[in-house]
Amino acid sequence: MVEFYADPTLQKHHNAAFQTVPVLAEQFVLPPGLDKVTFESVLNALREIVGTQNVAVGAALQNFRDPYPLVVGEHQPSAAACPTTVEEIQGILKVANQFGVPLWVCSQGKNFGYGGPAPKQSGSIVLSLHRMNRIIEVNEKFAYVLVEPGVTFFQLDEYLRARNIPLWVGVPALGWGSVVGNTVDRGHGYTISGDRQHGIRSLEVVLPSGEVMRTGQWAVSDSPSAHTCSNNFGPQVDGLFLQTNLGVVSKLAVSVDLAPPAFMSVKLHGQRVEDIEAIVDCMQQLWLEGIMQNHGMITNINHFASHDVPKHEHQSEAGPLLPETIAKMKEKYHTGYWRCMLDLYGTREMVLARFSRVEAVFAAAIPGMQLEKTLFEGVNGKPVDALTIGTLSAGVPSMVPIKLADYNLPADGTGAGGHIDTTLVLPADGKTVSKWFAQAKKIMEDEGVDPFIGCHVFPHHILFVQEYVFDKTQAAHRERGCKVVDSLLAAAKKSGFANYRSHVQHMDTVQGMYDFNDHIYRRFVETLKNALDPQGILAPGKQGIWPRKTLTTQGNGNLTSSA
């Protein structure tokens, strides 16, 4: 239970994140409504199913807490169970239903910035699927993979590379996470198929009752069309199992990309803060013209600088970056306040034609804008080798961005880094994005911190990521983080925006933003929840969806700390 990764570098990163979490002197918590004797009966039943070594309690639970907590003592697991088969998942669900114990599901538990593997409701048993790590099928002709929840992006990349399979996977910023987990939490990669939630071909789901359901054409027994078409006959239910507490996704077939014969990376640099408006509008125009292929990424200067060195190497003064510091950073990194990245895929002729249009659109909107391009081509008629490119947009997994969490640590080498993300859905409209950035920037700078911004640009909307980067060992930093996130959420609600993803601490608040017709969306999903999970055992409170039979203890089972 100690080692999550065979790769010592990945395990070192894991240990650095989880072994530095601030804890209370007494961290033990029971499942809601259970006494110690009954809880021990539950643990014994789980040990019979998955083996004693695969049930975590006590000190072993450090692997299943929020690695970046803003409030120490909340969202605490009582235990964790780690199955390897669907049958073991079914056995765990049976025990949970029998004893009325809440389960919190995660895959690799690397949803950092949103709570990691930590449960919404303290006392829940974490159902960790990281040991279910089979790559079941890779289909080159139809460009999909079928995997279990424990398969990481590194593992899948190594599998494809070892067999010379010319497919690229839409990897997210950090490659140690689960392909399944990241996809069903609406995470994103950076290749053409990077918006993986819309590339789901089929799902296998274990319902709270233990029954197994398959979606798409996989619902037809022995169908040759399985994984080639996501359509069902009747309502399309795949979306019910994204960010869900309606079932446990045990297998996923998802689209990947055919490695192209040519590839071009394009970087654009917006010198001024106000350039964000034109950059967004240009990218949105290129999407609608069919020129953009993968979602573009816009980051501000301290965001991408964080992948290099910590802040104290740029500025010793406390507080947000000073204008003179920003000027020096622009010079050092040969960039502007904004860096925009997009990529082009296809034959050489297609790539060059697309780039010609990219260049023309940006030149018309921002005369003199700095633009860089790098063209890669395959040799001897073969596709481009992704490793010669080496970027996320070529499907090459990385751990480099994990440095971001340490950006605000002191120069003396103490502390432990963390970040919490507030990600809003904004329309892909330059004026709207610029106006919101001004609000977010003021909120964060008023609290003495830099705005950490990453924009994922799609044809009609933007995922506007605001990261609060902090030293998790400092109570003052954690308290300030609570203020920053609460202020961002309050301002977002006033502006009519809402998150698409949230830290466990803020799930109820975010669900409350979806308020049309007296929160009919929430009430609709809760109706399904109560029908499918009458005992309310599966991830109560996830995304703000609670069962009718809410399992509660005094104080919701949370602990408090004055640390």
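Direction-averaged shadow area of the convex hull around the Cα atoms of the stretch 47-152, nm²?
Values: hull surface 30.7 nm².
If I average the Cα hull's projected area over directions, I get 7.7 nm².
Separation of the stretch 447-482 and the stretch 63-134, taken as the distance between their Cα centroids, equals 25 angstrom. Using every pair of separate Cα atoms, the Kirkwood estimate puts the hydrodynamic radius of the stretch 298-385 at 15.8 angstrom. For the chain, the longest principal axis of the alpha carbon atoms and the long axis of helix 475-495 meet at an angle near 70°. With Rh defined as the Kirkwood radius, the inverse of the mean 1/r over Cα pairs, the Rg/Rh of the stretch 243-354 is 1.10.
The Cα atoms of the stretch 428-534 give a gyration tensor whose axes a ≥ b ≥ c have a/c of 1.5 or more with a/b no greater than b/c, which makes the shape oblate. Against the main long axis of the alpha-carbon atoms of the chain, helix 86-99 sits at an angle near 50°.
A full extension of the chain between Asp486 and Glu526 corresponds to an added length of 11.9 nm, given 0.36 nm per residue minus the alpha carbon distance.
From its DSSP helices (H runs of at least four residues, each -39,500 (n - 2.57)), the chain gives a residue-normalised ellipticity at 222 nm of -9500 deg cm²/dmol. A Förster radius of 22 Å combined with the Cβ-Cβ distance from Glu372 to Gln271 puts the calculated FRET efficiency at roughly 0.95. Which of Gly368, Ala118, Val525 sits closest to the plus end of the dipole of the chain, meaning its Cα is farthest towards the positive end, when Lys and Arg get +1 and Asp and Glu get -1 on the C-beta? With unit charges placed on the Cβ atoms, the residue in question is Val525. What chymotrypsin sites (Phe, Trp or Tyr not before Pro) in the stretch 1-57 are in a loop by DSSP, with at most 13 other Cβ atoms within 10 Å of the Cβ? Qualifying residues, ordered by number: Phe28. Taking the Cα centre of the stretch 54-141 as reference, the dipole from Cβ charges on Lys and Arg (+1) and Asp and Glu (-1) amounts to some 20 debye. Element breakdown for the chain at a 1.4 angstrom probe: carbon and sulfur atoms account for 53% of the accessible area.
Note on Gln19 and Val37: the extension gain reaches 3.6 nm, defined as 0.36 nm multiplied by sequence separation minus the Cα-Cα distance. For the stretch 178-219, what class follows from the C-alpha gyration tensor (a ≥ b ≥ c being the square roots of its eigenvalues): rounded when a/c is under 1.5, otherwise prolate if a/b is larger than b/c, else oblate? Because a/c hits 1.5 or more and a/b fails to exceed b/c, the stretch 178-219 counts as oblate. Just report the Cα centroid separation between the stretch 360-402 and the stretch 178-231, whole Å. About 29 Å separates the Cα centre of the stretch 360-402 from the one of the stretch 178-231.
Ellipsoid semi-axes for the stretch 114-159, based on the Cα gyration tensor and the rule √(5λ), read 29, 10, 10 Å when sorted largest first.
Less than 5 angstrom separates the built amide H of Gly346 from those of Ala262, all sequence-distant by 5 or more or on a different chain. Mean projection of the Cα convex hull over all viewing directions, computed for the stretch 412-455: 4.0 nm².
In square angstrom, what is the accessible area per residue of the chain with a 1.4 angstrom probe? Result: 40 Å² of accessible area for each residue.
Can you tell me the equivalent ellipsoid semi-axes for the chain? Use √(5λ) from the Cα gyration tensor, largest first, whole Å. Present the calculation step by step, with values, prior to reporting the outcome.
On the way: eigenvalues 273, 174, 97 Å².
Ellipsoid semi-axes (Å, largest first): 37, 30, 22.
Over 18 Å apart at the Cα level, from the set Lys36/Lys110; Lys441/Lys493; Lys441/Lys542; Lys120/Lys529; Lys442/Lys483; Lys110/Lys403, are Lys36/Lys110; Lys441/Lys542. Axis angle, to the nearest 10 degrees, between helix 348-365 and the longest C-alpha principal axis of the chain: 80 degrees.
Does the stretch 291-333 come out rounded, prolate or oblate by the C-alpha gyration tensor, with a ≥ b ≥ c the root eigenvalues, rounded set by a/c under 1.5 and, if not, prolate when a/b is larger than b/c and oblate if not? Cα axes put the stretch 291-333 in the prolate bin.
Starting from the Cα gyration tensor of the stretch 113-219, multiply each eigenvalue by 5, take the square root, and state the resulting semi-axes largest first in whole Å. Could the numbers behind the result be given before it?
On the way: eigenvalues 116, 63, 35 Å².
Semi-axes from the Cα gyration tensor: 24, 18, 13 Å.
For the stretch 354-495, the spread of Cα positions along the three principal axes, ordered from largest to smallest, is 58, 38, 26 Å.
The charge dipole of the chain, taken about its Cα centre with unit charges on the Cβ of Lys, Arg, Asp and Glu (plus for the first two, minus for the last two), comes to roughly 440 debye.
The values are calculated or read from the model by the stated rules, or taken from the named source; none is laboratory data. A quick note: this is a predicted structure, and the numbers were derived from the prediction, not measured. We place every Cβ from the backbone using ideal geometry, glycine too, and count neighbours over all the protein chains shown. What goes into the accessible areas is simple: the full protein's heavy atoms, side chains included, and nothing from ligands, DNA or RNA. Shrake-Rupley method; radii C 1.70, N 1.55, O 1.52, S 1.80 Å.
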